[in-house]
Amino acid sequence: MQVLQDELQKMARGAVELLPNLAIAAVVLVATAFLARLAVSISRRIAERSSVRNDLKELLKTLSKLAVWIVGILLALTILVPGFTFGGVVAGLGIGAVAIGFAFQDIFENFLAGVLIMLREKMQLGDTIEAEGISGTVEKITLRETHVRQFSGELTILPNSMIFKNAVKIFTDQAQRRFDLTVGVSYDSDLAAVQDILARAVSTVEGIDRERGAEVYAREFGGSSIDFLVRWWIDTNEHSLFAVHNDVVFAIKKALDEAGVEIPYPHVTHTFAEPVPLPAGGKDSGA
C-alpha cells in the first residue's frame, strides 16, 4: 500500500512539474494556429499576384499551413518531452513504421495523387468532367479528395487516387466541341436530296460553328430506315449544348416534314413456313 502511495505522489509531483511545460506547449500550439493562418494569408497574396491556377493556389495554401503545423507540433512535443527528437521517433518505430505505412497507405496514396493532380495542367477547378461514371463540375480539389458537383445537383466526393489512376474525360478542355445525331429516313427516300435537306436544316440553327458547318453522312442500312449521321460543332463558352441540340432536332424534323420525307417507325415482318389458316368471315372460330 505504501508503495502505491509513493508512486501516486511521484506521479502527482511529475504532473505539477510538467505544468509549466504543458502551458508553454499550449502557447506554442496557439501561436502555431496563428502562424498557420498568417502563412495561408501570405501564400494567398503571393498566388493572387502571380498567374497561378486556382488549384495551385489551393495547393500552396494547404502546403504552407501543413508545414507550419508540423513544425509547431514537433516543437510542442519537444517542450513536453525534453528527450524527444524526430529522428529518435523514426528510429524507435522500427517495424512499427512499416505497419503504420500499410495502415495509412490509402491516405498517403491520395495525398500524393492530390499533389500530382494539382501540379498537372489538366482538370482545373470549374472543369466539367466524367470519372468512374460520375459526370459534373469540379468544385474543389484537396490533398485527399476531389469534389464533383453532378448536373443533377448532388455532390460526389472522389478519392484522388481513383481520379489519378483511371481515365477521366474533360469536356471543357476545349471550348469547341462536336456533337453527333443519328437520323433515319425511309428506304424509298432520295438519299442525295435527304443529305442536302439535313445539311441545310442544321445550318439554319443559331449557335453552330458557321466555318465548319454541318457534316451529313449516310452510314448504314437500318432495320426499317437508312440512317444518316449528322455532325456539327459549337462553342460551349457561348452557347448551351442542350439548347443547340434541341434546336437541331426541331429544325431537322420540320425540314423533313416539309419535304415529305418519312421518319419511319420500326417495321416488323413475320414470315411463316406454311400457310396460316384464317377463320371464315374473319371471325375467331371459337366465337
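Each value in this text was obtained by applying a stated rule to the coordinates, not by laboratory testing. This one's a predicted model, so the numbers in the text were calculated from it and none came from an experiment. So basically every Cβ, Gly included, is an ideal-geometry build from the backbone, and we count neighbours across all protein chains shown.
Need the full-extension length gain, GLN174 to VAL27, defined as separation in residues times 0.36 nm minus the C-alpha distance. One decimal, nm.
47.8 nm
Give the dimensionless ratio obtained when the Cα radius of gyration of the stretch 115-231 is divided by 2.2 N^0.38 Å.
Normalised Rg, Cα atoms only: 1.50.
Between the DSSP loop rule and a limit of at most 11 other Cβ atoms within 10 Å, which GluC sites (Glu not before Pro) in the stretch 116-208 are left?
GLU121, GLU154, GLU206
If each of GLU139 and GLU262 carries a label point 7 Å out from its Cα toward its Cβ, how far apart are those two points in nm?
Going by the 7 Å Cα→Cβ label model, 5.1 nm.
Quick one: pull the percentage of alpha-carbon pairs in the stretch 131-191 with a separation above 15 Å.
63
Within straight cross-link reach of LYS253, meaning Cα distance under 15 Å, which aspartates and glutamates are found once same-chain residues fewer than 8 apart are removed?
LYS253 reaches ASP196, ASP227, GLU262.
With equal scatterers on the alpha carbons only and no solvent term, can you work out the Debye log10 of I(q)/I(0) for the stretch 160-287 at 0.15 1/Å?
Rounded to two decimals, the profile gives -0.79.
List the aspartates and glutamates whose Cα lies under 15 Å from the Cα of LYS122, skipping any in the same chain that are fewer than 8 positions away.
Qualifying aspartates and glutamates at Cα under 15 Å: ASP55, GLU130, GLU139, ASP173.
Starting from the Cα-Cα distance between ASN166 and TYR187, subtract it from 0.36 nm times their residue separation and give me the gain in nm to one decimal.
Extra length from ASN166 to TYR187 when fully extended: 3.2 nm.
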